[in-house]
1. Hey, quick one: spin label on residue 28, modelled 7 Å out along Cα-Cβ, who in the range 58-90 has an amide N within reach, i.e. under 20 Å?
2. Return the long-range amide H neighbours of residue 111 (sequence gap of 5 or more, or a different chain), with a cut-off of under 5 Å between placed amide H atoms.
3. Which percent of the accessible area of the range 33-97 is formed by carbon and sulfur heavy atoms (probe 1.4 angstrom)?
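The values are calculated or read from the model by the stated rules, or taken from the named source; none is laboratory data. Just so we're clear, the structure is a prediction, and the values are computed from it rather than from any experiment. Don't worry about glycine lacking a Cβ; one is built from the backbone with ideal geometry, like all the others, and counts go over all protein chains shown. Quick note on the areas: whole protein, heavy atoms, side chains included, nothing else; ligands and nucleic acids left out. Shrake-Rupley method; radii C 1.70, N 1.55, O 1.52, S 1.80 Å.
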Amino acid sequence: MKNYILLALVVMLLIVSSCGDDEPMEANCLTEKIEAFKLDQATCENASIIKYNFQNQEVYGFTQGICIADGGTDVILADCSNVCFIGGITGNQDCNGDLFFDVAEEIEIIWENK
């Protein structure tokens, strides 16, 4: 009987502790994406992750390093939804109708590999 009570208490504790998670779901996605990108680009010079203010939103630019020919920058929101891709083989700089680097304001460098 004591084992069942102990098991019930453990289950209740797990349920209660998971309900109070202060970290939004999108932050988990962004954190995972950042960590995966850092591992993938660990040996690539000039790779970076930079937070910008773009079109009244905070966005994150994941710029591939020199390991990738004609690399570019994925621009995403905190929930990991795609905003645009700039650069690449075509050299595209348009993001939602604006030239990204002309209007985006850098907020902070999250990570860079120099």
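1. Under 20 Å, as judged by backbone N against the label point of residue 28, lie 77-82 of the range 58-90.
2. 49
3. That fraction is 47 percent.
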